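Okay, so here's the structure we're looking at.
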Amino acid sequence: MVARYNPQEIETKWQQRWVEDRLYEVTEGSARPKYYALTMFPYTSGDLHIGHWYAMAPADVHARFKRMQGYNVLHPMGFDAFGLPAENAAIRRGIHPFTWTMQNIDNMRRQLQSIGAIYDWSREVVTCLPEYYKWTQWFFLKLYEAGLAYRDKAPVNWCSNCQTVLANEQVVQGFCERCGTLVVRRDLEQWFFRITRYADELMQYDGIDWPERIKIMQRNWVGKSVGAEIAFTLDYAGIAEKEIRTFTTRPDTIFGVTFMVLAPEHPLVTRLTTPERRTEVDDYIDRSRRQTVIERLSTEKEKEGVFIGAYVTNPLSGRKVPLWTSDYVLMSYGTGAVMGVPAHDERDFAFAKKYDLPISVVIAPPGWQGEELAAAYTEPGAMVNSEQFSGLASEAGIEAVCDFLEAQGWGKRAVSYRLRDWLISRQRYWGAPIPIIYCERCGIVPVLESDLPVLLPENAEFKPTGESPLKYCREFVNATCPKCSAPARRETDTMDTFMCSSWYFLRYASPHCDTAPFEADKLQYWLPVDLYTGGAEHAVMHLFYARFFVKALRDMGLVSFGEPFTRLFNQGIIIVERQKMSKSRGNVINPDEYVAELGADAVRAYLMFVAPWEQGGEWDDSGLSGISRWLSRVWNLALEKYKPGEAIKTVAKGGLERALYRITHQTVRKVTGDLERIRFNTMIAALMEFTNYLAKVREAGSVTPAAWEAAIKTLILLLAPTAPHLAEELWQRLGYDYSIHNQSWPEWDEELAKDEEVTLVVQVNGKLRDRLTVPVSITEAEAKKLARESKRVKLYLKDKVALREIYVPGKLINLVVR
């Protein structure tokens, strides 16, 4: 009798052995080609749920596969450890964020190790440790030196519950993505990175293999618009400005401007507002400041505004245009002023209708005879009511108007971007301190590199007060100016945690280097990342920031490449009862209990079988049990003694063995192709089919022991990336040299993988009537003869006249009759 498959005993045994043997530690001296496979590191939330496993286990399978293919594979792991959730959790529990975070890391590391992945734990990075954030601060100084970091007062998204600033990307439908609190606008002195300097390059993806939807999301986030900037004349006593400039993508509609809208934050609003309009305008500005950018731009929100009592002059038509203020215009986009063309813009049309403003048609809809429009016409057309430009098609009109504007000095061709600079300041304790000192004599002074890291004080009051908790820690705030040695104060904001994750993949190349963020030769060897896997929800945050970061470092001469991740793959999510997992719903699946009961290999295999990885799927306990039974079958199939049967003595033996070799080589080809294309579910299905076939061969005893042994050996090798513990145990019990994970990936022979027989579909007038199993070498004449002689087909040929016979070799015959 074969011993029962005991995954718990086996997995503990081999995980300990692999650690003792340092099996998965990698170096740069290998003769193998490098392959850097990276999964987005987890945030230190406390526990890994099955969604984390869904991101990590299949990624490990692919990394193991590449390792067996002969690559020197770096597949590291670490922890994204700074940020609001850890601080808020620590506040609720009354313990220090560092204590809470490190306890979580210990637990999550244990859980990650139970996966049985090939993580090189000697390269672990933890972003909240001084040896890491020292270099986060160093990068800040480098960006500051390069003119890419600056301080400015700006309206920001403020979460009153988290008591901190949020980036635009962290506001979801007007609410804080972390806690769900309504976000409001406040003016604060903030630190920014000039990500806008790289706007055009961030829309280019030459040389990298990324999903199209991620590229579209990033391009939309940049929001590049090509058009013209037009100066409308302003003439008011006591107002120094003599024009208001507005950006438009449709300069061909310039003669249709009937009003102009300024953002409530525009500095000219309060200065141009007439006395009789003052109260109403001030009230409106106050209301608008309580709304988020998302709310202001919502297409569902009715557009409202207030006339401020002033006018500008359209330089082309010479007509006076009333000035309004409305919250649908943002100071951060374009010039903060929008020309209203209601006949040709849906938003302007609704605004004009609401406030009874003129609607002047200047682009003729098809068949237009001068009647009023029932809705805005936004498509191209012929210019009308546009003086010398009337009759021009929109495209030609745009160019002609731009030429005229530039010739008259009234405007110019321009490009505008939706993208804003990256706001990195956070008024919280648990983050990397910004390495800046403020001196009354010298102004803003960067901390000396020799004084890094600027350490977080352990005794700071980290409960939220509306300002950075570091402001109330005297020993942190009080500093000496590095330039003049006078008393000075430190910056008390900390950095956005996305700053830490924008470079962690570089640190894995040499995580213990204490003289630089990385060793140049090791970075040159490993980077860029060959395959990066993680969620698509990071498209306009982490992935976007990491690309900017690497491009900036390239321009500083610190790295030699301009893209961090050569190939990107986004996995889907695991849902439970058709809902996304959530602690509030109580439907979070903890993998620990399933690992304890059925083993990590079963959980790994199930997560790959449940659905295509990029789509995600529904968690189902019964499905997991089915995978567990399959692995038990593999165990028994491999270890039970094979006994050849009577069939081995027959003349058919050679044909049966050829069939086994053929199916074995076909399985190797299928599994290899699926792993290369990251089609894990069909890879598992192929292994299951192979297992079923081997079970039939075993029952019949129809091949020699040598042929059987070769097939089982191949099965175990193919299973090794998916079920590494089971494969290692079977490999040892069958007497092969340790370790299976150091073996080469099986190869297939195309000749041996060729089918000897094919299934021929027979149709009559395009409808399926029979399926015939025929030799691959069958001729067209033979195939047609067999089709006509089929008993099932003859029923549909009786009393019919044959018109033609369509033959597709190896696939089908269609008999067309009347």
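Find which of 564, 544, 575 sits farthest along the positive direction of the dipole of region 536-592, computed with +1 on the beta-carbon of Lys and Arg, -1 on that of Asp and Glu, about the Cα centre.
Ranked along the dipole, the leading option is 575.
If you restrict to DSSP beta bridges whose two residues both lie in the chain, what percentage is antiparallel, to the nearest 5?
Details: 73 of 96 bridges.
Antiparallel bridges make up about 75 percent of those DSSP assigns within the chain.
Highest mean first, how do 768-781, 703-716 rank when packing is the count of other Cβ atoms within 10 Å averaged over residues? Can you show the working numbers first?
On the way: 768-781: 13.2, 703-716: 18.9.
Most protected by this proxy first, the peptides run 703-716, 768-781.
Between residue 817 and residues 5 or more places away or on another chain, which pairs have amide H atoms under 5 Å apart, with H built 1.01 Å from N, and which residues are they?
Distant-sequence amide H within range of residue 817: 765, 803.
I'd like the distance between the alpha-carbon centres of region 702-753 and region 317-377, rounded to an integer number of Å.
Using only Cα atoms, the two centres lie 71 Å from each other.
Students often get this wrong: which residues of region 90-126 have the backbone nitrogen under 13 Å from the point 7 angstrom along Cα-to-C-beta of residue 592?
Only 104-114 pass the distance filter.
Quick check: residue separation of residue 483 and residue 817 times 0.36 nm, minus the Cα distance between them. What number comes out in nm? Each step should come with its number before you reach the end.
Values: separation 334, 0.36 × 334 = 120.24 nm, distance 9.65 nm.
Full extension of this stretch gives 110.6 nm more.
Work through the residues other than residue 269 whose Cβ is under 14 Å from its Cβ and net out their charges, Lys, Arg +1 and Asp, Glu -1.
Taking every other residue near residue 269 into account, the sum is -2.
How much FRET efficiency would the formula 1/(1 + (r/R0)^6) give for residue 206 and residue 699, where r is the Cβ-Cβ distance and R0 is 41 Å, rounded to 0.05? Could you put the intermediate results ahead of the total?
Values: r = 56 Å, r/R0 = 1.36.
The pair residue 206/residue 699 has a calculated efficiency of 0.15.
Report, in degrees rounded to the nearest 10, the 0 to 90 angle that the Cα long axis of helix 50-68 makes with the longest principal axis of the chain.
Computed tilt is about 60 degrees.
Region 541-579 to region 206-221: how many Å between their Cα centroids?
11 Å
Would you work out which of 336, 308, 237 lies farthest towards the positive end of the dipole of region 230-350, given +1 charges on the beta-carbon of Lys and Arg and -1 on that of Asp and Glu, about the Cα centre?
After comparing all options, I get 237.
In debye to the nearest 20, how big a dipole does the chain give about its Cα centre with +1 on each Lys and Arg Cβ and -1 on each Asp and Glu Cβ? Working shown, then result.
Numbers: 99 positive and 104 negative charges, 408 e Å.
Its charge dipole is roughly 1960 debye.
Place the peptides 681-689, 447-455 in order of packing, highest mean first, counting for every residue the other Cβ atoms within 10 Å and averaging per peptide. Could you put the intermediate results ahead of the total?
Details: 681-689: 19.2, 447-455: 15.2.
Per-residue Cβ counts within 10 Å, averaged per peptide and sorted highest first, yield 681-689, 447-455.
Quick check: pseudo-label points 7 Å beyond the Cα along Cα→Cβ at residue 236 and residue 782, how many nm apart are they?
My value for the distance between the label points is 9.4 nm.
With Cβ to Cβ distances under 11 Å as the rule, what net charge do the other residues near residue 574 carry (K, R +1; D, E -1)? All intermediate terms of the calculation are to be shown ahead of the outcome.
Numbers: positive: 580; negative: 618, 620.
So the environment of residue 574 carries a net charge of -1.
Under 18 Å Cα to Cα from residue 580, which lysines show up? Leave out anything in the same chain fewer than 8 places away.
Cross-link targets: none qualify.
Taking a 1.4 Å probe, which of 805, 563, 395 shows the most accessible area, and what order do the others take after it? Each step should come with its number before you reach the end.
Values: 805 65, 563 25, 395 150 Å².
Listed by decreasing accessible area, they come as 395, 805, 563.
Got the relative contact order for the chain handy, in percent, Cα pairs under 8 Å and 6 or more residues apart?
Working: 1474 pairs, mean separation 114.1, N = 818.
Over the chain, the number comes to 14 percent.
Using only helices, what value at 222 nm comes out for the chain when you add -39,500 (n - 2.57) per DSSP H run of length 4 or more and divide by the total residues, to the nearest 500 deg cm²/dmol?
Working: 26 runs with 298 residues, N = 818.
The helix-only estimate for the chain comes to -11000 deg cm²/dmol at 222 nm.
By a straight-distance test (C-alpha under 30 Å), which lysines pair with residue 785 as possible cross-link partners, with residues fewer than eight away in the same chain excluded?
Partners found: 754, 767, 794, 798, 800, 811.
Roughly how many Å is it from the Cα centre of region 426-486 to that of region 125-166, as a whole number?
12 Å
Taking a threshold of 32 Å on the Cα-Cα distance, which of the pairs 215/242; 320/412; 66/134 fall above it?
Working: 215/242 41 Å; 320/412 21 Å; 66/134 34 Å.
Flagged as over cut-off: 215/242; 66/134.
Quick one: 3J(HN,Hα) in Hz for region 396-408, Karplus 6.51/-1.76/1.60 with θ = phi - 60°, rounded, Gly and Pro as x.
5, x, 4, 5, 5, 5, 4, 4, 5, 4, 5, 5, 8
Would you mind putting 549-558, 421-430 in packing order, based on average other-beta-carbon counts within 10 Å, highest first?
On the way: 549-558: 18.2, 421-430: 24.7.
The most tightly packed comes first, giving 421-430, 549-558.
In a shell of Cβ-Cβ distance under 10 Å around residue 562, excluding residue 562 itself, what net charge do Lys and Arg (+1) and Asp and Glu (-1) give?
On the way: positive: 547, 551, 554; negative: 201, 206, 555, 563.
Local charge sum for residue 562: -1.
Which of the lysines could a cross-linker span from residue 583 if the Cα-Cα distance has to be under 27 Å and same-chain partners fewer than 8 positions apart are dropped?
Within reach: 463.
The values are calculated or read from the model by the stated rules, or taken from the named source; none is laboratory data. If you're wondering where the values come from, they're calculated on a predicted model, not measured in any experiment. As a convention, Cβ positions derive from the backbone with ideal geometry for all residues, glycine included, and neighbour counts pool all protein chains shown. These area figures cover heavy atoms from the full protein model, side chains too; ligands, DNA and RNA do not enter into them. Shrake-Rupley method; radii C 1.70, N 1.55, O 1.52, S 1.80 Å.
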